[in-house]
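Written below as structure tokens is the structure these notes are about.
The values are calculated or read from the model by the stated rules, or taken from the named source; none is laboratory data. No experiment lies behind these values; they were computed from the predicted model shown. Here Cβ is always computed from backbone atoms with ideal geometry, including for glycine, and neighbour counts include all displayed protein chains.
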Amino acid sequence: MAKGKGKKPTKEQKSTPIYEGNQSIHEIWERALISGVDEDLFRQITEQNLETHILTLYINLKSMQEKHEDEYTALTNDTLASLELIRELLINKKTYDFDDVIFVIDKFNSGETTLEKKKIRELRSNDIGKMIMFDGLVKNSTGVVSKMQLVAMQCTECQAINFVLQEGDVEDVSTVKCMSGCTGSGHELVRDEDRSIFVNFMKCDIEEDPEGLRGKQPERISCEFLGPLTDEGKRIGVGDRVTVIGIYRVREKTKGSLIYEGYVEVMGVVRRGKTFEELSITEEEEKKFTEMSKDPNLLEKMALAIAPNISGYHVVKQALLLQMFGGNPEAGDRRGDMHILIIGDPGIAKSKIASNISDTAPQVVKASGAPTTTVGLTACVIKDETAPGGFILEAGAAVLADGGLLVVDEFDKMNKEARGAMHEILEDQRVTISKANINTTLNARCSVLAIMNPKRNRFNNEEVVSDQIDLPPSLLSRFDLIFAIKDEVDRKTDGEVYDAIARARNNEIPKTEYSQSDITKYILYAKSKIKKVTIGPEIHDYLRPKYQDIRASNKDGSISITPRQADGILRLTEACAKMRLSETASIEDANKAMKIVVYYLDTMCMDPATKQYSVDMGIGTEAPSQKTARLALIPFIESNWDELVTDTGYIPIETLKNTFMKETNSTETAFTKAFNEAKDNGLLVFKLSDQYVQYLPKKKLSRSDLSEYEEQREEPVRRDERDL
């Protein structure tokens, strides 16, 4: 086949589709606009600005679909051609003094149109020039800038001004001729920026929702907004979940290239997600959910459907389920989202549980502590010449999770800077950015589920749990619930775990009353139906004495529970009521919340020596018994020196340990910590061969002291807990 240069199609050739009654697209729009703008097609033209020569036309998509089928079909199937014709017909009518039209889809709901909602990754060449609709997350945004929409070209011969419509990012005036027909040798058209017409412009990248991608990389597309869509009331921001209607267009990737990249010329946008208002529920499903809400054992049954192949962890699963329902959003200055930390031995399926939660939760963003940087967690600043100041913000995981759930695995592997950012995310639920002349605060109103291993990778039963958490107390204190999951030997439990693994290997899914999809949709339905849960005086009368009893339970005056835990109890109570589709909490809701919190206190805050709760243990600081032992050891040695010392001038370590534990009612762990601290401070010196210890009263070891005692040692000194 011979190669040649094809003839460029004319506008009429581009607009040849035929619809019912053998009407061309030109005939359809000429008929529709012959007597003026029909309000069933377009909202009355009220936003006309004669100074800018630009008209805003609001398209009534719902009404057009119901009353003007041909026009609706033409607009949605041949969008670009239709809009060009409408613009040309309106301008030629000379009813209004304007040179361009901006088209905006009036208030719309994706459930009110037959327009198919696509995924960004599904956009193809046959969608070019058509109207499309899709959901996504706003990944970044340039802010509002001015774009030259109509370039004013002044003729040097007759001084006439010719307005030229510009599309895309690059100015194109190559084919412009003087409207007055000037052809003289000195004839030239010169751009006049002062008379050119500008319009508000904003560009952003919108990324696919992370839900349902199952490990795939989210794809994104560039979107451009003009005129009213950049106004403060309609303008979208980084991290917003949106539904977009616009025209899918393409432009050269590089000059002269045959490869084109797609972008969307946005015509309408609505925020979604946080209110779940677009949820489509059938009558059968609504009836089913109403029946589910009446089940007194709903929490337990739904928890069984969370990671059904993983045996056990009933209370943990219940807490994770309530976390997805959440408490009252933004209850005054109190957050409604719950934060949960799971610490567990390796190989006990905690990451599998988190993965199942990610598949079940309606809105979730996943991150991993090891590779996640501070900017990946919060937001990063990237260079963009079209943005004011030359930089734009790109949202990180916490901002993208706004209104949903953020799951962070390997939480303990985060670097110091990322941990610092987590403080603000957990408590204030926001991200503050101050980089490259950008100073702003982004919302991160999400629940956080964090997963991590103990400090030495596996729990040591001889130490309290709080000593084995490698996180600062300031960060731990921001979690509502902390669960320590140990891999303990139990013949019955081990058999159940083995059977669960065998079923999973054979792809046998245990039968549960409710499926994962049921739970996801039920959570969406509950959040859309129950906006706020009221906790009545009788509930407070029930919870207040329980809180007071726990506070007063410690005889030594140490703090067993703080107001932060009281706040968590109320959040759990609200979540239980929301799960029942009730706007009023009940005593049973409060009772379930208390059981979960007491389980947390039993596993994380119980001092093994005193059998009392200590909130300090739950946030990684020492137990009261450990503090008592630490402060009492040296005074004990001083007061009992004569009874404990032998003829060698040393005290046998075993004798010291047994006597101290007996007389002070301390645990071996408490003694070990106190003993090692005294040793590290230079107050105790060892003769390792005989396992004796000498006390140097009110004196730290000097270099000469160390060299003297080195000669007495028969083995190298090992300054760790194995010295005991």
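In the stretch 600-610 there is at least one residue matching the filter, namely being buried (at least 17 other Cβ atoms within 10 Å of the Cβ), outside any loop (DSSP other than H, G, I, E, B) and touching an Asp or Glu at 6+ places or on another chain (Cβ under 9 Å).
Taken over the stretch 550-571, the criterion of being modelled with pLDDT under 85 and β-branched (Val, Ile, Thr) is satisfied by Ile559, Ile561, Thr562. Screening Ile482 with (1) surrounded by fewer than 18 Cβ atoms within 10 Å (Cβ to Cβ); (2) in contact with a strand residue (DSSP E or B) (Cβ under 8 Å, 6 or more places away or on another chain) gives one miss only, at (1).
Each residue in the stretch 341-397 was checked for being of a type in the set (A, V, I, L, M), closer than 20 Å to Leu476 by Cβ and assigned to a strand (DSSP E or B), and 4 pass. A Cβ distance below 6 Å, combined with a sequence gap of six or more or placement on separate chains, defines the contacts here; from the stretch 306-329, residues that are not assigned by TED's automatic domain parsing to the domain that holds Glu574 reach no residue that is crowded, with 22+ Cβ neighbours inside 10 Å and polar (S, T, N, Q).
Table: residues versus (1) surrounded by 13 or more Cβ atoms within 10 Å (Cβ to Cβ); (2) modelled with pLDDT of 80 or more.
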| position | (1), (2) |
| --- | --- |
| Leu165 | yes, no |
| Asp169 | no, no |
| Met202 | yes, yes |
| Arg220 | yes, yes |
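One residue stands out in the stretch 496-520 among those that are small (Gly, Ala, Ser) and not in a loop (DSSP other than H, G, I, E, B): the one that is nearest to the chain's Cα centre (by Cα), namely Ser517.
For (1) assigned to a helix (DSSP H, G or I); (2) free of Cβ contacts under 8 Å to residues at least 12 places away in the same chain; (3) over 57 Å from the mean Cα position of the chain (by Cα), each residue gets a yes or a no:
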| residue | (1), (2), (3) |
| --- | --- |
| Glu638 | yes, no, no |
| Asp642 | yes, yes, yes |
| Thr646 | no, no, yes |
| Thr655 | yes, yes, no |
| Phe660 | yes, no, no |
| Phe671 | yes, no, no |
| Phe675 | yes, no, no |
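The combined condition, being surrounded by 14 or more Cβ atoms within 10 Å (Cβ to Cβ), touching a residue at least 24 places away in the same chain (Cβ under 8 Å) and outside any strand (DSSP E or B), is fulfilled by Leu471. When the test is whether a residue is surrounded by 20 or more Cβ atoms within 10 Å (Cβ to Cβ), at pLDDT 80 or above and either under 23 Å from Ala361 (Cβ atoms) or not small (Gly, Ala, Ser) (or both), Val270 does not pass it.
To keep it simple, each residue is scored yes or no on (1) assigned to a loop (DSSP other than H, G, I, E, B); (2) in contact with a Leu (Cβ under 7 Å, 6 or more places away or on another chain); (3) at pLDDT 80 or above.
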| position | (1), (2), (3) |
| --- | --- |
| Gly21 | no, no, no |
| Ala32 | no, yes, no |
| Asn92 | no, no, no |
| Val101 | no, yes, yes |
| Lys107 | yes, no, no |
| Gly111 | no, no, no |
| Leu115 | yes, no, yes |
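I need a count of the residues in the stretch 485-516 that are under 16 Å from Leu304 (Cα atoms) and touching a strand residue (DSSP E or B) at 6+ places or on another chain (Cβ under 7 Å). Residues in the stretch 485-516 being under 16 Å from Leu304 (Cα atoms) and touching a strand residue (DSSP E or B) at 6+ places or on another chain (Cβ under 7 Å): 0 in total.
Given Thr493, Thr534, which one is closer than 20 Å to Asp567 by Cβ and among the hydroxyl-bearing types (Ser, Thr, Tyr)? It is Thr534. Restrict the check to the stretch 513-528 and report whether at least one residue is among the acidic types (Asp, Glu) and touching an Asp or Glu at 6+ places or on another chain (Cβ under 6 Å). Looking for residues that are among the acidic types (Asp, Glu) and touching an Asp or Glu at 6+ places or on another chain (Cβ under 6 Å), one finds none in the stretch 513-528, hence no. Do we have Thr440 as in the same structural domain as Gly344 (by TED's automatic domain parsing) and without any contact (Cβ under 8 Å) to a residue 40 or more places away in the chain here? Judged against the criteria, Thr440 is not a match. A single member of Asn439, Asn457 is not basic (Lys, Arg) and not in a strand (DSSP E or B), and it is Asn457. For the stretch 416-437, the criterion of a residue being β-branched (Val, Ile, Thr), touching a residue at least 40 places away in the same chain (Cβ under 8 Å) and in contact with a Pro (Cβ under 9 Å, 6 or more places away or on another chain) is satisfied by no position.
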